[in-house]
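S.K.: First the structure, then my questions, so here it is.
Any read-out appearing in this document is the output of simple, stated calculations on the displayed coordinates, not a laboratory observation. Just so we're clear, the structure is a prediction, and the values are computed from it rather than from any experiment. Virtual Cβ from ideal backbone geometry, glycine too; neighbours counted across all protein chains shown.
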Protein chains: 2
Amino acid sequence: MYCLVKFAPLFLAVAVSNGWLFGDFVGKQKVLDEISLWPLPQKFQSSAVAFKLSPTRFQIVQAKQSSAGPSCSILENAFRRYFEYIFGDLKKPEKSRKKVYDSDLVELQVWVTSADPECDGFPSLQTDESYELSVDEPSAVLKAANVWGALRGLETFSQLVYEDDYGVNNINKTDISDFPRFAHRGILLDSYRHFLPLKVILANLEAMAMNKFNVFHWHIVDDHSFPYMSRTFPELSQKGAYHPFTHVYTPSDVKMVIEFARMRGIRVIPEFDTPGHTESWGTGIKDLLTPCYSGSSPSGTFGTVNPILNSSYDFMTQFFKEISTVFPDAYIHLGGDEVDFSCWESNPDIQKFMVQQGFGTDYSKLESFYIQRLLDIVAATKKGYMVWQEVFDNGVKLKDDTVVEVWMENKMEEELQNVTGAGFTTILSAPWYLDYISYGQDWQHYYKVEPLNFPGTDAQKKLVIGGEACLWGEYVDATNLTPRLWPRASAVAERLWSDKSVTDVDNAYNRLVQHRCRMVKRGIPAEPLFVGHCRQEYKGL
Amino acid sequence: MYCLVKFAPLFLAVAVSNGWLFGDFVGKQKVLDEISLWPLPQKFQSSAVAFKLSPTRFQIVQAKQSSAGPSCSILENAFRRYFEYIFGDLKKPEKSRKKVYDSDLVELQVWVTSADPECDGFPSLQTDESYELSVDEPSAVLKAANVWGALRGLETFSQLVYEDDYGVNNINKTDISDFPRFAHRGILLDSYRHFLPLKVILANLEAMAMNKFNVFHWHIVDDHSFPYMSRTFPELSQKGAYHPFTHVYTPSDVKMVIEFARMRGIRVIPEFDTPGHTESWGTGIKDLLTPCYSGSSPSGTFGTVNPILNSSYDFMTQFFKEISTVFPDAYIHLGGDEVDFSCWESNPDIQKFMVQQGFGTDYSKLESFYIQRLLDIVAATKKGYMVWQEVFDNGVKLKDDTVVEVWMENKMEEELQNVTGAGFTTILSAPWYLDYISYGQDWQHYYKVEPLNFPGTDAQKKLVIGGEACLWGEYVDATNLTPRLWPRASAVAERLWSDKSVTDVDNAYNRLVQHRCRMVKRGIPAEPLFVGHCRQEYKGL
């Protein structure tokens, strides 16, 4: 076995100029064209020696030494999924024709090394997603500490397989050692501006796994609608959803999303954004929102959550108790962005409260008062929380493990410097608001972002744990969300997974063209980067 | 029967401020919300009197006086299509329960008045698409000179139907007299930058009919690929398509597109653009393209069609002879845009020819020389032709019935003035290049265009026969074309069909929101205009 080579930046540049593969691929341009790893692994070495994969003989199996056995449903599911991605169907192996030929790769052994393979667990921020993959005859071996790393390695293995001139699946002798650069690699979808049917969410979770994303940030409710069906407060969706039957996520739907995501190593972090962005909450819960005044009398409209009533906090306590049990992830996103003070300012009871508390006319102090109590409520459920940057900016006291999400592109570097300077972990979404569309290849802008390009110490840089591509829902629903998200979000996927030195746009273009065709082949309507074609065009409409 | 009222601009403004319906609809906002005609008819009068439509009793039938009988497949097909749009399925009528209730609308009688209903014909530029629709008990009557007007009226009838609180289909007492403002209302799709599978083209023809578009401008081949499978020159697609089997339109495919379009009153105008935009032609046809030179020797690359060889014209003669028989429409689009002279300039044989012809160094004279001969070739097939504006700009002699397509947004008004001033019919596509996307509701820009807003006499204005919404294919294929085209193209549809005075954007927004949900309900993944929901969201992915 030959040793793995870590890509040094300079070396990568050379490798990239040769078509990114490192090895003896002279004259093998066709193979280079066929194999298109995305995101690019951290360490990679391949050779021109190719093995064939027969759909009747090739198997993906649990290695004998593996701590995960045949009852490990995450892996057993993934084996079947990747077999189908590779061979296109699940034709029954012909047991009688087990003769193995010289050039055959007969199996991929998946070897989970930790005592606890985490088969029944959930991925977390601390999850080790690294894996090592060695493809050599007669067996390939995929080694990972746990099932989560194994899932990432299975995706990579499937991406290494290419068809030769006879349509036979081939894979080259390869060694890969891989791990993500950032631990939090998310996609934000909003399901309140437009209701997203379950199948749209599931399809996008599939696409996320193909791109090694590991967080689904589900901005599930907001001003316009409340599609989350709460067991404790069923009136929230009964009155706040676009339709209480056809436009809601039932407890069973939510479970399905979480399990579908878990099977792909994806965390589901729900966002319940308060005290602003809550118009739809108010129709179901009496007195939750602040009555706005026009002069000395109520105007009939309502503002953000009423922060001066104990009933508001009682509600939040019960509500987040439910949320903390429904969603297994250690984090809940609590929002806290864009709080509009005008309604609070108009309300005489709020004005009185401001005086009592000595807040003067600084309504951000009232906002902090609310948030502080909310954070204590959520902390009592043993959950960590994520918040949008305004919560930090307003000086709210935060738990040490709080994740602050930086979303404002204006003064982004300064904000990263401040948040990390204060010792908080941070994720970046500011440069990746994919709802903003423009003519041409905008994926390149997303690709060129360097998340750590801000003034700060090494310790500060380490606090940036990742980023999110956000597709807010003003202009997307089931009709156009998936092609608008992919492969534009793939650019963010590689930025967050691959080494910092992987920045060659031309090389990325060539790989991404193939990667998007691979997604199309797997049933995801990922839109084209530019002029061209896929061997298998999209079969849907 | 009460008389029809022509919308005067002022009157319309009043009507629009009341929610666009003219009639006694006070307090009937719900009904206003449900009925959303798009494009708005020319003359329209409705009443609050509503009739019910029973799926087991209601029928669409040929009127006894109609010149079209039960063998008129266009209408028989359309009856079934619109019945399904209205009722969602084709449940067998229960003959035993024919009891008619007072408030029932039992049938829509379709009455074609001309001696020749044109059941087996094709729509043309001269086609009369006007119709009159009267909805009253017990029967509604749709009257049109021919099947084409009847198709437009059937679409309008189906748009008048709305569901009441019980889910029962209702329709109000209504009188409509309608006709298009412009005769040529087209959609351009290109199938060469990305191959568009047949089902994508057919789905978009369906959507076109829902919007009363009547021309499919099929930019079928171009530089990047040649998917049109020619019987005379099979090598064109054999060598020029992305793939000779999976990425071509066979003669049978083309026939199907034409017939599917005919059934919906849509003309299919193919574009075979020369002498530029022909790179893909060159791989199949030896010596068709000009060899480019680098200094004194051929560079190995090829330019536009070689205009100095008789073989080029022999090829075009045979090729367009085929095209003229395959495509029944009276017009072929011959392109003629963006001719790059650099290759011609480099070629010594071309240089010699320029001297012989006395063209000096004015290569636009050579271009005109080519186009002139091509036009004569096509004219000999008895076809009319459309060309892009450069052909006119370069002073090529054109047949009187030539249609000049104005596509450059820069100096658009001046060009319209010049083309119509020279007495040529014109269609406008310059403001409607829908491939250019931007954030937000760009449909409003398309909607606000007034095609006749250029300096010119009434006679000149009459020469503008319509327009086209163009979705060039750099960034669209089967994965994203349909939601990107609809409902953005719907804005163009109303501009080209409805009265000039129909310009209220807020009113259009309200109707278009409903119209796009109607398209979604009918299976077209038309994207959302903005935040909101449809009763029935898109069922595909």
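S.K.: Between A:Ser230, A:Val326, A:Ile285, whose Cα lies farthest towards the positive end of the dipole of segment A:176-329 when Lys and Arg beta carbons carry +1 and Asp and Glu beta carbons carry -1, centred on the Cα centre?
M.R.: A:Val326
S.K.: Under the rule a/c < 1.5 gives rounded, and otherwise a/b versus b/c splits prolate from oblate, where does segment B:276-399 land using the Cα gyration tensor?
M.R.: It is prolate, given that a/c is not under 1.5 and a/b is the larger ratio.
S.K.: Are there any chymotrypsin sites (Phe, Trp or Tyr not before Pro) in segment A:163-244 that are in a DSSP loop and have at most 11 other Cβ atoms within 10 Å? List them by number.
M.R.: In loop regions of segment A:163-244 (DSSP not H, G, I, E or B), the sparsely surrounded chymotrypsin sites (Phe, Trp or Tyr not before Pro) are A:Tyr166.
S.K.: Going 7 Å from the Cα of A:Asp102 toward and past its Cβ, which residues in segment A:134-155 have a backbone nitrogen under 20 Å from where you end up?
M.R.: Answer for this model: A:136-140.
S.K.: Another question about this same structure. Please state the charge dipole magnitude for segment A:276-399, taken about the Cα centre, from unit charges on C-beta atoms (+1 on K and R, -1 on D and E), reported in debye and rounded to the nearest 20.
M.R.: 460 debye
S.K.: Sort the protein assembly as shown into rounded, prolate or oblate with this rule: let a ≥ b ≥ c be the square roots of the eigenvalues of the Cα gyration tensor; rounded if a/c is under 1.5, and if a/c is not under 1.5, prolate when a/b is larger than b/c, oblate otherwise.
M.R.: It comes out oblate by the Cα gyration axes.
S.K.: Let me ask something else. Where nothing but the Cβ of Lys and Arg (+1) and of Asp and Glu (-1) is charged, how large is the charge dipole of chain A around its Cα centre, in debye to the nearest 20? Intermediate results must be reported in sequence, preceding the final value.
M.R.: On the way: 53 positive and 68 negative charges, 375 e Å.
I would put it at about 1800 debye.
S.K.: Averaged over peptide A:521-533, how many Cβ atoms belonging to another chain are found within 10 Å of each residue's Cβ?
M.R.: Counting Cβ atoms of other protein chains within 10 Å of each residue's Cβ and averaging gives 5.
S.K.: Could you pull the copy-to-copy label distances for A:Phe87, with points set 7 Å along Cα to Cβ, in nm to one decimal and sorted shortest first?
M.R.: For A:Phe87, the other copies' label points sit at 4.8 nm, shortest first.
S.K.: Note the distances from B:Glu450 to each other copy's matching label point, with points 7 Å along the Cα-to-beta-carbon direction, in nm, sorted shortest first.
M.R.: Those separations, rounded to one decimal, come out as 5.4 nm.
S.K.: Right, another one. Note down the magnitude of the dipole of the protein assembly as shown about its Cα centre, charges +1 on Lys and Arg C-beta and -1 on Asp and Glu C-beta and zero elsewhere, to the nearest 20 debye.
M.R.: The calculation lands at about 2960 debye.
S.K.: Another question, if that's okay. Give me the inter-chain shielding for B:195-202: mean count of other chain Cβ atoms within 10 Å, whole number please.
M.R.: 2
S.K.: For the cross-link pairs A:Lys539/B:Lys255; B:Lys255/B:Lys411; B:Lys352/B:Lys383; B:Lys212/B:Lys500; A:Lys500/A:Lys539, which exceed 28 Å when the distance is taken from alpha carbon to alpha carbon?
M.R.: B:Lys255/B:Lys411; B:Lys352/B:Lys383; A:Lys500/A:Lys539
S.K.: Further, regarding this structure: What's the FRET efficiency of B:Glu414 with A:Glu450 using the Cβ-Cβ distance as r and R₀ = 45 Å, to the nearest 0.05?
M.R.: So the FRET efficiency works out to roughly 0.45.
S.K.: To one decimal in nm, how far is B:Ser438 from the same spot in the other copies, if labels go 7 Å from Cα toward Cβ? Please give the shortest first.
M.R.: 1.2
S.K.: Now for a separate question. Around B:Val326, with a cut-off of 12 angstrom between Cβ atoms, what is the net charge of the other residues, counting Lys and Arg +1 and Asp and Glu -1?
M.R.: Here the count lands on +1.
S.K.: Restrict the search to segment A:351-417; then list the trypsin sites (Lys or Arg not before Pro) that DSSP places in a loop and that have at most 15 other Cβ atoms within 10 Å of their Cβ.
M.R.: Here the trypsin sites (Lys or Arg not before Pro) that fit, given the DSSP loop and packing criteria, are A:Lys382, A:Lys397, A:Lys399, A:Lys411.
S.K.: If the chain between A:Asp349 and A:Asn310 were fully stretched, how many nm would it gain, using 0.36 nm times the residue separation less the Cα-Cα distance? Present the calculation step by step, with values, prior to reporting the outcome.
M.R.: Working: separation 39, 0.36 × 39 = 14.04 nm, distance 1.36 nm.
Once the chain is fully extended between A:Asp349 and A:Asn310, it gains 12.7 nm.
S.K.: Just subtract the alpha-carbon distance of A:Asp340 and A:His243 from 0.36 nm times their residue separation and send over the number in nm, one decimal.
M.R.: 32.2 nm
S.K.: Once both labels are modelled 7 Å past Cα along the beta-carbon direction, what's the B:Arg373-A:Thr381 spacing in nm?
M.R.: 7.9 nm
S.K.: Going by the alpha-carbon gyration tensor, a ≥ b ≥ c the square roots of its eigenvalues, is chain A rounded (a/c under 1.5) or, if a/c is not under 1.5, prolate (a/b greater than b/c) versus oblate?
M.R.: Here chain A falls in the prolate category.
S.K.: Just tell me how shielded B:235-248 is by partners: mean number of partner chain Cβ atoms within 10 Å of each residue's Cβ, no decimals.
M.R.: Per residue, the number of nearby Cβ atoms from other chains is 1 on average.
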